[in-house]
Structure formats: structure tokens, C-alpha cells
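Chemist: The structure's right below; bear with me while I get my questions together.
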Amino acid sequence: MKQLKITKEDYDLFRTFLEGVSGIVLGDNKHYLVSSRLNRLMNDNNIESYSDLIDILRENRIRGFTDQVVDAMTTNETMWFRDTYPYEALKNTVFPQLDNIDHKLRIWSSACSSGQEPYSISMIVDEYIKSSLGAFKHGVEVVATDISLSVLEQAKKGIYDESAMNRGITEERKRQYFNRIGDLWEIKPEINSRITFKTANLQESYAHLGKFDIIFCRNVLIYFSSEMKTEILNKMAACLNDNGFLLLGSSEAPNRYTDAFEMVRVPQGVIYRVL
Ligand SMILES: C[S@@+](CC[C@H](N)C(=O)[O-])C[C@H]1O[C@@H](n2cnc3c(N)ncnc32)[C@H](O)[C@@H]1O
């Protein structure tokens, strides 16, 4: 495969384009990241230089190409029950406060990557309902969204290989919530059926998604500018019901960007409640 070089000027044009369409901010020196992630896509589409790439993107010359470029530039690292404490907080702090609500509980996994986050949430819902009879009388719905079409496809399938299964899931949950098909593991319908997968760009409006009681926005704000973080956190506050909760990544906090949330301390971490 031909290795294409990117000039400083083209790199700057590309990162402005990427931030405009996805909010993802690239630092000054991520030339290597751009070329390693885009080289194959450019070769496959016979694009000979980065200045051609930028023209094609700006003029929208190849249908669906912007989505493919954004897809290639996203970092989709994830795992089951990532950081543990958010899931313990759901079970021990958040659900006990919301399990009597007079409507269907709605949870949004807003950057769901290949599905481990919404499926982990759904497993916790299952465990909670089994241990607290009568909880969530009106049902529970999980909406899982991401900007990347390719990870969403994987998420929807709910089929994982051994290496993905080795990251964060206990043997007991593996047995209980997955069917084995050859070398692969498929999530059971009882966990899958409460989740709806959709594409959504966090830069855009959330109005079509409706109101939520809980939002997971984990390990994605780190890619955005301060202004974008403020905008996203305020839009999330606006689509949370009263007493709604926000769970961020362990290195992320809203207080520098908005005063729409209060901090709730939980063992091993912090979650946020809308004011
Ligand atoms: C590092 S993963 C985090 C996955 C999961 N939330 C977790 O904590 O394990 C970040 C995800 O954010 C998604 N993403 C990046 N920019 C986005 C945007 N503007 N709108 C929606 N999702 C975005 C990426 O596609 C990627 O799947």
C-alpha cells in the first residue's frame, strides 16, 4: 500500500474539517495518527494526496465518504463494566432513587462504541429487577448512540470474540447473558431487547431522542474543545428529567464547563445530578 505524506498546511485544513463535522479536536502533532488511520481509505478510493482528500470532503464528492473518514478518526476503545464504579453506582445509588418512577425509565448511552457500555447497563438493569421485585413498573429502555457507523453495526450485532470477552466480564455474567456460537459469544435477547441503537452526533440536536433519566457520556468529552464540552453538557442537562443523573468518564468533570449539575459522591468515584 502506498504511504501518503501529509504537509502541515493540509494537516491544519484536515483538522479544521474534522472538528467542524465531529467536534473531535486533533492536537498540533497528530500527523501520524491521521496518516495511519486514513491511508487505507485513501488508497481504496484512489486518492493520491491529502489536498485531494480535503477537496473531496469539502465538495462532498464521494457519497458517504465524510462518514467513513469520521469513522476512521474515532477512537473506539471500550470494555465491559468499564471502571466498575459507574455500574455499582447505578445499582446502589441511582436505581434505588428512580425505581418507583411513574414512567418508563430511559437511559442514554451517548457514545456507545461497540456496545459493551449499553449491554453492561442492561445487565445491571436485569440484575436489579430480579433483586428488587416491583422495580420499574413501566419498564426500562436503553438508547445507545454513536457517530461511528462501523462500531454501531458491531454493537447492534452483539457478537463478541474471546479477546473482547476477556475485558471486564465475569464468568458468571458470561454464562448468564451470552450464548456461545463456536468461538464467539452472542448477547441474549433478554438483554438486547431493551436497547435501541441509533447514529447520533453529539454536536447536533438531541431533541429527536426524547427525555432521559440517566445519561452515560463516558470517555468522549476528552476529544472535544471546551466550548463543545459546555454545549454538550448543557444540551444533556436540558434533556434530563428532574432528578436525572449524568455519568461521565473517570477523568471528566462538568464543573469547569457548566453549573447545570451537582456532584454526588459514590464509592470509588463521582456521578452528577441535574439541578
Ligand atoms: C473511547 S470510546 C468510549 C466508549 C464508551 N463510552 C466507554 O466509555 O467505554 C469514544 C466513542 O465516542 C464516539 N464519538 C466520537 N465523537 C463523537 C460525536 N461527535 N458524537 C457521538 N459519538 C462520538 C466514538 O465513535 C467512540 O465510539
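The values are calculated or read from the model by the stated rules, or taken from the named source; none is laboratory data. Here the structure is a predicted model, which means the values were calculated and not measured. Methodologically, a virtual Cβ is constructed for each residue, glycine included, from the backbone with ideal geometry; neighbour enumeration extends over all protein chains shown.
Chemist: Restricting attention to region 188-207, and to residues there that are within 16 Å of the ligand (Cβ to nearest atom), of a type outside the set (Ser, Thr, Tyr) and at pLDDT 95 or above, which single residue is surrounded by the most Cβ atoms within 10 Å (Cβ to Cβ)? Steps first, answer last, please.
Modeler: Within region 188-207, the subset within 16 Å of the ligand (Cβ to nearest atom) is 195-207.
Those left that are additionally of a type outside the set (Ser, Thr, Tyr): 195, 197-198, 200-204, 207.
Filter once more, keeping what is at pLDDT 95 or above: 195, 197-198, 200-204.
On the way: 195: 24, 197: 20, 198: 13, 200: 20, 201: 13, 202: 22, 203: 17, 204: 11.
This residue is 195.
Chemist: Is region 175-186 home to any residue that is surrounded by fewer than 17 Cβ atoms within 10 Å (Cβ to Cβ) and either touching a helix residue (DSSP H, G or I) at 6+ places or on another chain (Cβ under 6 Å) or under 30 Å from residue 222 (Cα atoms) (or both)? Can you show your working first?
Modeler: First, the residues of region 175-186 that are surrounded by fewer than 17 Cβ atoms within 10 Å (Cβ to Cβ): 175-176, 179-184, 186.
Then keep just the ones that are either touching a helix residue (DSSP H, G or I) at 6+ places or on another chain (Cβ under 6 Å) or under 30 Å from residue 222 (Cα atoms) (or both); that gives none.
Scanning region 175-186, I find no residue that is surrounded by fewer than 17 Cβ atoms within 10 Å (Cβ to Cβ) and either touching a helix residue (DSSP H, G or I) at 6+ places or on another chain (Cβ under 6 Å) or under 30 Å from residue 222 (Cα atoms) (or both), so the answer is no.
Chemist: Would you mind stating whether residue 199 is touching a residue at least 40 places away in the same chain (Cβ under 8 Å) and in the same structural domain as residue 104 (by TED's automatic domain parsing)?
Modeler: Numbers: touching a residue at least 40 places away in the same chain (Cβ under 8 Å): yes; in the same structural domain as residue 104 (by TED's automatic domain parsing): yes.
Spelling it out, residue 199 is indeed touching a residue at least 40 places away in the same chain (Cβ under 8 Å) and in the same structural domain as residue 104 (by TED's automatic domain parsing).
Chemist: Another question, then. Here's a check for you: in region 69-107, which residue that is within 20 Å of the chain's Cα centre (by Cα) and without any contact (Cβ under 8 Å) to a residue 60 or more places away in the chain is nearest to residue 213 (Cα to Cα)?
Modeler: 87
Chemist: Let me ask you something else. Only one of these conditions is not met by residue 230: (1) within 11 Å of the ligand (Cβ to nearest atom); (2) buried (at least 16 other Cβ atoms within 10 Å of the Cβ); (3) hydroxyl-bearing (Ser, Thr, Tyr). Which number is it?
Modeler: So residue 230 meets the others, but not (1).
Chemist: Name the residue that is farthest from residue 168 (Cα to Cα), counting only residues in region 108-137 that are under 22 Å from the mean Cα position of the chain (by Cα) and small (Gly, Ala, Ser). Break it down into steps so the answer makes sense when it comes.
Modeler: Restricting attention to region 108-137, the residues satisfying the condition of being under 22 Å from the mean Cα position of the chain (by Cα) are 108-126.
Okay, now just the ones that are also small (Gly, Ala, Ser), so 109-111, 113-115, 120, 122.
Values: 109: 18, 110: 20, 111: 18, 113: 15, 114: 14, 115: 13, 120: 10, 122: 15 Å.
Checked region 108-137; the qualifying residue farthest from residue 168 (Cα to Cα) is 110.
Chemist: Does residue 86 qualify as being loosely packed, with under 15 Cβ neighbours inside 10 Å and over 26 Å from residue 34 (Cα atoms)?
Modeler: Details: loosely packed, with under 15 Cβ neighbours inside 10 Å: no; over 26 Å from residue 34 (Cα atoms): yes.
No, not satisfied.
Chemist: Quick one: which residue in 119, 87 is touching a strand residue (DSSP E or B) at 6+ places or on another chain (Cβ under 8 Å), outside any strand (DSSP E or B) and aromatic (Phe, Trp, Tyr)?
Modeler: Working: 87 fails: touching a strand residue (DSSP E or B) at 6+ places or on another chain (Cβ under 8 Å).
Exactly one residue qualifies, and that residue is 119.
Chemist: When you scan region 71-81, how many residues do you find that are outside any loop (DSSP other than H, G, I, E, B) and of a type in the set (A, V, I, L, M)? First the steps, then the outcome.
Modeler: Initially, region 71-81 is screened for residues outside any loop (DSSP other than H, G, I, E, B), giving 71-73.
Retained after the next criterion (residues that are of a type in the set (A, V, I, L, M)): 72-73.
So the count comes out to 2.
Chemist: Continuing with this model, one more query. If I filter region 53-72 down to residues being in contact with a Ser or Thr (Cβ under 7 Å, 6 or more places away or on another chain) and within 13 Å of the ligand (Cβ to nearest atom), which single residue comes out as farthest from residue 178 (Cα to Cα)?
Modeler: Residue satisfying both the conditions and the ranking: 70.
Chemist: Also: Which one of 133, 152 is within 16 Å of the ligand (Cβ to nearest atom) and either assigned by TED's automatic domain parsing to the domain that holds residue 251 or touching a Gly at 6+ places or on another chain (Cβ under 8 Å) (or both)? Steps first, answer last, please.
Modeler: Details: 133 fails: within 16 Å of the ligand (Cβ to nearest atom).
It is 152.
Chemist: Return a yes/no flag: does region 255-271 have any residue that is buried (at least 19 other Cβ atoms within 10 Å of the Cβ), among the charged types (D, E, K, R) and over 21 Å from residue 156 (Cα atoms).
Modeler: No; the residues of region 255-271 include none that is buried (at least 19 other Cβ atoms within 10 Å of the Cβ), among the charged types (D, E, K, R) and over 21 Å from residue 156 (Cα atoms).
Chemist: If you don't mind, there's one more thing I want to ask. Inside region 34-63, can you point out the residues that are in contact (Cβ under 8 Å) with a residue 24 or more places away in the chain and loosely packed, with under 14 Cβ neighbours inside 10 Å?
Modeler: 40, 48, 58
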